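Enquirer: Pasting a structure here, questions to come.
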Amino acid sequence: MKPSSFTHHEVGSIDEAVAALARFSAEGGRILAGGQSLVPMMAFRLAQPTHLIDINRIPGLDRPRLEAGELVIPACVRHAGFHQQVIPGPLGDMLATVVRHIAHVPIRNRGTFCGSIAHADPSAEWPVVLVALDGVVVARGVAGTREIPAAAFFQGIMTTALAEHEMLTEIRLPNAAAGQRYGFCEHARRAGDYAQAIALAGWRISEGVIRQARLAIGGVEPTPRRLPAVEALLDGHAPNDALFSEVADAVAHCVTPMEDPQVSASLRRDLLRATTRRALQRACA
Amino acid sequence: MTTWVGRSIRRFEDPALVRGQGRFTADLPAARWVRFVRSPVASGLVERITPPAGSVCITHADLVGVRPIKPMLDRFDYVPIEQPLLAKACVRYVGDLVAAVLGTTAADAEDIADQVLLDITALQPVMDTPSALAEDAPVVHAGMSDNIVVRAQMCTPGHAQAWAAADRIIDCDIRSHRQSGQPIEARAAHAAWDSSGRVTLTCTAQMPHLMRTAIADLLDMPEADLRVVAPDVGGGFGQKMSLAPEYALVVWLARKFRTSIAWVEDRRENLMASFHSRDLAISVQGAFDAQARLVALSGDVLANVGAYAPYPNTAAVEPLMSFAELPGPYAVAEYACLARGVVTNTCASAPYRGVSRPALTLAMERLMDKAARSFGLLPEEIRRRNLVQQFPHTSPTGLIYDTASYRETMELALRVADLTRFRQRQVTARVEKRYLGVGIATFCERTGYGSPAFAARGMGVTPGWETVQLAMDPSGFVEARIGASPHGQGLRTTLAQIIADAVGIVPERVRIIHGDTDRTPYGWGTFASRSLVISGGACLIAAQQLHTRLCRVASIMLEAAEADIELRDGIARVAGTDRTIAIADIARASYHGAHRFAESPGLQETASYDPLGTFSNATHIAFVDVDVETCAVRIERFIVAEDAGRLINPMIVDGQIRGGVAQGIANALYEEIVYDEHGDILTTTLADFLMPTAHEIPPLEIHHLETLSDASIIGAKGLGEGGTIGAPAAVLNAINDALQPFGAELDAMPATPLRIHDALRAART
């Protein structure tokens, strides 16, 4: 469990990083941010990058900021940065709730929000947040910058719309207005384990009924996704347990769960049903 | 007069360990690093091994004159099997050793190993006991007529009659899935050749003396030319007790290349190719009379022991221990059992803390709960009617249970638990669709057994006794050189407490020397909950001899009768007077003024101790909350009532219990080694092999009784394994209690969400 040899490049700016990536990506160059997924994979020799382009010293990438109604999260913002509200209001609260499910404190101290998105592990939490909120992924390559909508970003297990030579430079999440509610629930074998089912619900209540419902799931299929058909079951209805059970059943029926030695498709479906219902209930709490 | 025994003094081991000043095998610099090339297939014929050009790659053909590992058992029903240090023609499990390559660093060696091309013709593997026992199953070891490596059978003469007269027969089939007892430090070995031709092997070991004997035998070298050192060792749990072929290879390489060679096992190797355990299926049938008393017991034990036999315990250790100890703490007179060990294309199984007792306790405790339900009794009531209460008790297999408190310990646990209140809460919770359960496990733990017990198993290598060499030096400090080899148990502290009391000095003046064959007398090391009882017993005898000698010398120096001398707090005193002399002055005089005394010079004493063994006992009570939607189990509360005789250091005792229970809970809920049908191992990281963390282990409520038994001269019984033995049965009984409203039952561990889910689904249909 020693990585195979590689060359470490420390870069001082995004331009340098992108240039290095353009030069080395074809022969297995990778961006190194927090390294909490990449480095263990290198130790197992599941990943054998020949060049690591280390972006940790690039100034200005470590703080989220509010810009034109969007929360902008640059490439080196650590998970631990979300323990406290990054912005006042429901979005900051929700992110502070979600982050407590990500692995353990030492990993959160190092691992990054954008790294988690770029890595695209199906059991990760931040990708569910990204798709639930219809956030935007900003990618930069030598040819320039492009914005990729969340719904088009995740393409499969650890497969994304990022080109080999592109660096994910930041994520933009729309800020939530006051009155926005979120409910998050995930199921994992042990505290901090990879999630086996994740649900994130969000809505506003107006005149006693749910408006603008959003429901996203993760950990169940190769990629996280929003479930518009199920969201429609919520919109216009007063929140109550019977409705949530009906919605949870609908969610459980509309997925094709992954299987692994720990979780059969049938169990994963039941886990999703339970996490969905609990996420909906928490959105009311 | 006792001053130090019974006190929770802080461990002498800890200041270095908590400051990062421990000395571990992997800290040693080496000239060359070895990486082992391991089989990627479960069963196959090695056709060709092609190393990269210019590399050093050792294969079986290079090991001229090296013997295979072949532990022996002197029993007609045991078939000895051989393990060559590197695969000769066959590979027998994924992880089997095929070749060794050398590099300048560990990473370099791994790079080279990655480039070794293996041409192996894969054969159909046998992965589990049913397929290994099938008529047409391939044999794992050529020359064997089938895959059964040991087959033990017995039936007491009155069994059939008792069976026929019974009120009812209760069945229970349990399955313990494969485990690995993970130490925080994986295995490591460092062999340094010196110009005298001698090799020092520093390694993570529980039995350094036996490692020396075994490796010298395999390599056909004089034992005197090998020194084995076990420095600080980060846990063993049995995994570091058995001989690792890798260690012998590291010594061979150091001699061959006349240099220093290091191997530090990584976690993947450890999970794949260090010893596994607990792959057991046990069926029990209990014949009960109308008063719910167990009058006859039948057992059928099937152990998947893996591809090879661990040295020195052999592949029979799990089936034979199940066979001998299945009746547990219950006073059943008639017993029949068939126990078989079956070889398969999996990693070899070896002792892991608790050995087969977590599984057999699960079988017996599930049986008792099922019988209780059948008779309409509470689980505690059926145990009251069946626990042994007269001591000494002879079990149907001839084991002698010394004085203990099986019933009293259970009652203590029950008082703490207040089950009446819990059961009311359980009913209320069900209305809210919360499913709570309580589970009881009672057991006795055979500990501190000497050579008669091992001889009864017929082991070719018969461990058991321990020797201590005790010397008080001229400064008045005591050095105790022991053959036991602690690796986390705190013996440097507890043995010092025993010696301090017996000699009349403070424990800070006692140094325990262990884990170095150059510095310690031959001994068996640390395993089987034995060291405190046996090495502690030897320490007590030697310390008493030293006490006598000090009194004799003091009587001359103080011109008093020997019988009037008292040693206490570092001072020798003529009883009832103010005439005193410091023990340190007696020590100085014993060396530098020896001509004054009719004694052999110096202060050295040697003693050995070889007891029959002593049984500690305990009751565990687990309270769980089963989420029937996610099939997750949360342990709300966990009670341990333990009777391990005299507590030498209660803090260390409680630490042993906590660690053991954590591993027991791991067994019950989380940890499992999984192979797929092709023989590939799926659990080679700690993300797949789920060790519980502090989040998953509840605070434990620990209570003690201290029944003193004359089976242990220090009054203490062993308890190092008990936590692992009771916890799985308590947790599984609690889960079953919680699932009662669904009519679901689960008799397999770990009780993973998937198994609970399946049990609930099975009950629904």
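The values are calculated or read from the model by the stated rules, or taken from the named source; none is laboratory data. Just so you know, these numbers come straight off a predicted model, no measurement behind them. All Cβ positions, even for glycine, are placed from backbone atoms using ideal geometry, and neighbour counts span all protein chains on display. Just so you know, the surface numbers come from the protein's heavy atoms only, side chains and all, with ligands and any DNA or RNA stripped out. Shrake-Rupley method; radii C 1.70, N 1.55, O 1.52, S 1.80 Å.
Enquirer: When only C-alpha pairs under 8 Å and at least 6 residues apart count, what is the relative contact order of region A:7-54, in percent?
Expert: 55 percent
Enquirer: Taking R0 as 22 Å, what FRET efficiency do you get between B:ASP194 and B:ARG511 from their Cβ-Cβ distance, rounded to the nearest 0.05? The partial results should precede the final answer.
Expert: Values: r = 26 Å, r/R0 = 1.20.
Between B:ASP194 and B:ARG511 the formula returns 0.25.
Enquirer: Ignoring ligands, DNA and RNA and using a 1.4 Å probe, state the total buried accessible area between B and A in Å², rounded to the nearest 100.
Expert: Values: alone 27980 and 12860 Å², together 38530 Å².
That pair of chains buries around 2300 Å² in total.
Enquirer: I've got another one for you. Once amide H atoms are placed 1.01 Å from N in the peptide plane, what residues at a sequence separation of 5 or more from B:ALA716, or on another chain, have their amide H within under 5 Å of its amide H?
Expert: Under 5 Å from the amide H of B:ALA716: B:ARG646.
Enquirer: Taking only protein heavy atoms and a 1.4 Å probe, what accessible area per residue, in Å², does region B:263-354 have with all protein chains in place?
Expert: Numbers: 1430 Å² over 92 residues.
Result: 16 Å² of accessible area for each residue.
Enquirer: Let me ask something else about it. Taking the Cα centre of each part, how many Å lie between region B:1-55 and region B:68-123?
Expert: Comparing the Cα centres of region B:1-55 and region B:68-123, I get a distance of 19 Å.
Enquirer: Net charge near B:ALA538, counting Lys/Arg +1 and Asp/Glu -1 over other residues with Cβ under 12 Å of its Cβ? Walk me through the numbers before you get to the answer.
Expert: On the way: positive: B:ARG481, B:ARG530; negative: B:GLU466, B:GLU605, B:ASP610.
Net charge around B:ALA538: -1.
Enquirer: So, one more: Between region A:237-285 and region A:51-77, how many Å separate their Cα centres?
Expert: 34 Å
Enquirer: If packing is taken as the average count of other Cβ atoms within 10 Å, what order do A:200-210, B:330-340 fall into, highest mean first?
Expert: On the way: A:200-210: 18.4, B:330-340: 21.1.
The packing order, highest mean first, is B:330-340, A:200-210.
Enquirer: Rounded to a whole number, what % of the accessible area of chain B do carbon and sulfur atoms account for, probe 1.4 Å?
Expert: Carbon-and-sulfur percentage of accessible area, whole number: 51.
Enquirer: Give me the percent relative contact order of region B:166-210, please, defined on Cα pairs under 8 angstrom at least 6 residues apart.
Expert: Values: 21 pairs, mean separation 11.4, N = 45.
So the answer I get is 25 percent.
Enquirer: Right, here's the next one. So what's the gap between the Cα centers of region B:308-348 and region A:176-214, to the nearest angstrom?
Expert: Region B:308-348 and region A:176-214 have Cα centres separated by 52 Å.
Enquirer: Which part of region B:289-315 falls in the paramagnetic zone of B:MET144, meaning amide N under 12 Å from the point 7 Å along Cα-to-beta-carbon?
Expert: Answer for this model: B:303-310, B:315.
Enquirer: Shifting gears a bit: What number comes out for accessible area per residue over region B:547-657 if the probe is 1.4 Å? Units Å², please.
Expert: Working: 4430 Å² over 111 residues.
Dividing the accessible area of region B:547-657 by its residue count gives 40 Å².
Enquirer: Quick one: if the Förster radius is 41 Å, what FRET efficiency do A:GLN48 and A:ALA96 give, using the C-beta to C-beta distance and rounding to 0.05? The partial results should precede the final answer.
Expert: On the way: r = 36 Å, r/R0 = 0.89.
The calculated FRET efficiency here is 0.65.
Enquirer: Compare the peptides B:245-257, B:97-109, B:725-737 by average per-residue count of other Cβ atoms within 10 angstrom and give them in order, highest first.
Expert: Values: B:245-257: 23.2, B:97-109: 19.8, B:725-737: 29.8.
Descending packing order for the listed peptides: B:725-737, B:245-257, B:97-109.
Enquirer: OK, next. Cβ neighbours within 10 Å, averaged per peptide: list B:65-73, A:276-284 in order, most packed at the top. Could the numbers behind the result be given before it?
Expert: Values: B:65-73: 17.3, A:276-284: 22.7.
Sorting B:65-73, A:276-284 by mean packing, highest first, produces A:276-284, B:65-73.
Enquirer: Turning to a different aspect of this structure: For Cα pairs less than 8 Å apart in space and 6+ apart in sequence, what is the mean separation divided by the residue count of chain B, i.e. the relative contact order in percent? Intermediate values should be presented prior to the final figure.
Expert: Numbers: 1939 pairs, mean separation 120.5, N = 765.
Taking the mean separation of contacting Cα pairs over the length of chain B, I get 16 percent.
Enquirer: Further, regarding this structure: How many Cβ atoms of partner chains, on average, are near each residue of B:688-696 if near means within 10 Å of its Cβ? Mind dumping the intermediate values first?
Expert: Details: counts 3, 0, 4, 1, 3, 5, 1, 5, 3.
Per residue, the number of nearby Cβ atoms from other chains is 3 on average.
Enquirer: Continuing with the same structure: Can you tally the net charge around A:ALA285? Count Lys and Arg as +1, Asp and Glu as -1, for every other residue whose Cβ sits under 11 Å from the Cβ of A:ALA285.
Expert: Numbers: positive: A:ARG181, A:ARG278, A:ARG282; negative: none.
Net charge in that neighbourhood comes out at +3.
Enquirer: Per DSSP H run of at least 4 residues, take -39500 (n - 2.57); add these up for chain B, divide by its residues and hand me the 222 nm value, nearest 500 deg cm²/dmol.
Expert: Details: 19 runs with 221 residues, N = 765.
Mean residue ellipticity at 222 nm (helix-derived): -9000 deg cm²/dmol.
Enquirer: Let me ask something else about it. Count, for each residue of A:261-271, the Cβ atoms from other chains sitting within 10 Å of its Cβ, then give me the mean as a whole number. Mind dumping the intermediate values first?
Expert: Values: counts 9, 9, 5, 5, 0, 4, 10, 2, 0, 8, 6.
Mean inter-chain Cβ contacts per residue within 10 Å come to 5.
Enquirer: Moving on. List the lysines whose alpha-carbon lies under 24 Å from that of B:LYS88, not counting same-chain residues fewer than 8 positions away?
Expert: Straight-line reach from B:LYS88, under 24 Å: B:LYS70, B:LYS256.
Enquirer: Check which residues have an amide H placed less than 5 Å from B:GLY44's amide H, if you skip close sequence neighbours.
Expert: B:VAL91, B:LEU123
Enquirer: Taking 56 Å as R0, compute the FRET efficiency from the Cβ-Cβ separation of B:LEU682 and A:SER206 and round it to 0.05. Walk me through the intermediate numbers first.
Expert: Details: r = 50 Å, r/R0 = 0.89.
Taking R0 as 56 Å, the efficiency between B:LEU682 and A:SER206 is 0.65.
Enquirer: Another question about this same structure. So what are the ³J(HN,Hα) numbers for region A:82-93, from phi and the Karplus equation (6.51, -1.76, 1.60; θ = phi - 60°), rounded to whole Hz, Gly and Pro as x?
Expert: 9, 4, 8, 3, 6, 9, x, x, x, 5, x, 5
Enquirer: Over region A:7-54, with the other protein chains present, what is the accessible area per residue in square angstrom, probe 1.4 angstrom? Working shown, then result.
Expert: Working: 2170 Å² over 48 residues.
Roughly 45 Å² per residue, with all protein chains present.
Enquirer: Take peptide B:619-630, look around each residue's Cβ out to 10 angstrom, count Cβ atoms belonging to other protein chains, and average those counts.
Expert: Values: counts 0, 0, 0, 0, 0, 0, 0, 0, 2, 2, 9, 11.
Per-residue shielding by partner chains comes out at 2.
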